[in-house]
1. Can you list the DSSP H helices in the chain whose Cα atoms extend at least 15 Å along the helix axis and whose mean Kyte-Doolittle hydropathy is -1.0 or higher?
2. Search the structure for amide H atoms under 5 Å from the amide H of Leu187, placed 1.01 Å from N in the peptide plane, and list their residues when 5 or more places away or on another chain.
3. Shape of segment 285-422 from its Cα gyration tensor (a ≥ b ≥ c, root eigenvalues): rounded if a/c is under 1.5, otherwise prolate when a/b > b/c, or oblate?
4. Taking the Cβ of Gly396 as the centre, find all other residues whose Cβ is under 15 Å away and add up their charges (Lys, Arg: +1; Asp, Glu: -1).
5. What are the ³J(HN,Hα) values, in whole Hz, obtained from phi via the Karplus relation 6.51 cos²θ - 1.76 cosθ + 1.60 with θ = phi - 60°, for each residue of segment 307-324 in sequence order, with x given for Gly and Pro?
6. For Val33, list long-range residues whose amide hydrogen, built 1.01 Å from N in the peptide plane, is under 5 Å from its own amide hydrogen.
7. Working only with C-alpha atoms, what are the Rg and Dmax values of segment 142-261, expressed in angstrom?
8. Is there a quick way to get the dipole size of segment 224-268? I mean about its Cα centre, with the Cβ of Lys and Arg at +1 and of Asp and Glu at -1; what is the value in debye to the nearest 20?
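Please treat every number below as a calculation from the coordinates, not as lab data. None of the values given here were measured: they were computed from a predicted structure. Heads up, the Cβs are rebuilt from the backbone with ideal geometry, glycines too, and the neighbour counts pull from every protein chain shown.
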Amino acid sequence: MTSVRRLLALPEWSGQVRVLAGAAGLDAPVRAVRAVADPAAGHEAGADELIIVTVPPRPADWRVDALLRRVVDAGGAGVLVPCGPATGAGGAASSGATAGAEVSRATSLLADRLGLPLLGAVGGDPLDLVVAARLLLAEPEIDRARLVLAAHRAFDNRTRSPEDVVRELADLLGVPVALLDDRGAPLAGEIAEPGAVRVDEFVPQRAALADGLLLAHPALLPHPARPGLWLVAELRGTAAARAEIVPPALAVAAAAVQRWLLVHRVELERDARARTALLGDLLRLDAEPSAQLRRRVADAGWQLGGWHVGLRIGAVPALDLVPWTAEISRVLRAEGVEAVVVEHGEGWTGWTTFAQEPTPARVRALAARLRAAHRKLRGSIADHMGVGRPHPWPEGLAGTVAEATDAARLAATRPEAGFFLQVDQLGMAQLLLEWTRTDTFEPAARALLAPLRDQPGDLLRTLSAYLDAESSIAETAAVLGVHRNTVAGRIDRVERLLGVDLGHRDERLALHLACRTVTLPGR
């Protein structure tokens with residue numbers, strides 16, 4: 001059923017017709033539209049009929065008041081009158097005038113009291129408004145078909161960027177449009193309430209707003225692990241009346257975004273294959289790189305000179321690696337780490353380069369930044385991360401990457417370390433750990449830590465993380481995801497239960513080895 005609000009959303013009406021009064025009745029049904037030249041004519045208004053006066057009334061014309069009462073008595077839908085700019089002294093148009101100046105305040109108050117929409121048409125021919133309204137009443141699908149046809153013309157088979165698609169669709173619909181990523185953040189365009197879209201449901205959606213609604217359509221690649229994008233149109237005020245005809249146009253535009261995603265994905269996969277092949281050639285390098293290999297490295301923007309620190313990131317299970325490479329680089333840059341990141345096996349291999357040999361302090365600072373990046377990636381993209389030592393020149397790249405890979409393999413079994421390990425963290429303790437894997441040491445380790453068993457607060461895991469973090473309360477709290485005061489309280493309880501002083505290095509070493517022993521996978 002067409003309503004007054006729906007008529008206001010017609011392209012021919014939008015921008016030319018405004019609500020002067022009686023906004024409470026905008027949702028009244030409209031079954032017919034009649035044009036009259038004289039508001040004082042003795043015709044009878046019909047039920048659900050909208051009366052359009054084609055001749056501008058005189059200022060403060062009492063006949064408009066009489067027409068409003070007749071329409072209300074008949075159960076009509078509303079009245080539309082032509083309105084020009086207000087005039088000042090001498091009949092000249094006033095520069096600050098607004099549309100609807102011929103309708104008196106008394107007439108507007110009467111329309112509000114009756115709850116009858118009083119509309120004003122500014123410019124144009126009122127008969128054109130009659131024709132557009134009657135076309136909609138005669139065939140409601142005409143507006144939908146016209147919009148869909150315009151969408152197909154706008155989004156032909158040419159590949160358009162998401163920014164172009166959003167801009168074209170916003171112009172076509174006359175409403176705000178945005179493209180949202182899998183977190184609900186705008187990639188192109190802007191809307192007021194992107195959080196109303198359920199980004200975890202890859203189906204067309206409709207979300208109610210205070211004064212309208214959001215329509216969202218997914219744009220997906222044919223891959224189950226690919227994060228989805230959503231094309232969203234924000235319909236507020238009178239535009240909300242077009243909610244039934246916008247979805248097909250939204251689907252056409254979403255197909256244009258999907259076409260861009262497919263083309264972009266092909267380019268990403270081609271680049272990924274080239275990067276992976278180049279990385280393989282570098283890791284197999286056992287002599288000075290050839291001129292051709294150096295040219296390929298230069299074309300990729302990689303650096304072979306200087307000191308390299310390798311890193312290895314294990315991906316969460318069943319993750320499609322290619323689309324997430326750029327996100328990993330973005331998170332690393334946000335933490336101040338400029339690194340090469342390459343899809344490699346079941347995760348990513350990468351490295352960052354120093355012009356000069358880094359001091360131990362700079363390496364520790366780098367490890368801290370990488371740990372912070374890992375916390376952001378952990379769970380959604382990354383599963384575990386390992387970091388190697390600094391090694392110089394092209395021949396050192398394979399060495400630091402191998403160390404990072406070994407560290408990552410160990411990190412995958414170390415929840416108490418936050419699934420993050422740097423090779424320098426292993427040192428002598430890692431060698432001693434081999435001795436702790438004996439049948440003699442394991443029972444002693446379990447007996448030593450027995451008082452922590454079945455105690456509230458996960459004391460064993462807290463102690464293990466605390467010792468791995470070199471007795472840092474803040475680092476332990478970050479790994480465990482609890483407040484630092486909580487960690488301090490737990491450590492105090494551990495010391496009292498075990499009767500030890502964690503400030504004593506020998507006792508710390510014994511407890512560290514014992515924790516490593518009892519927390520090994522399978523034990």
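1. Helix filter hits for the chain: 62-73, 126-138, 141-154, 162-173, 246-283, 360-377, 393-411, 423-436, 484-498, 505-518.
2. So Leu187 has HN proximity to Leu179, Leu180, Asp181.
3. On the way: a/c = 1.71, a/b = 1.38, b/c = 1.24.
Prolate.
4. Details: positive: Arg284, Arg389; negative: Asp286, Glu288, Glu357, Glu395, Glu403.
Result for the neighbourhood of Gly396: -3.
5. Each residue's phi maps through the Karplus curve to give 10, 9, 10, x, 9, 10, 10, x, 7, 5, x, 6, 8, 7, 5, 4, x, 9 Hz.
6. Leu50
7. So, for segment 142-261, Rg and Dmax equal 13.1, 39 Å respectively.
8. On the way: 5 positive and 3 negative charges, 13 e Å.
I would put it at about 60 debye.
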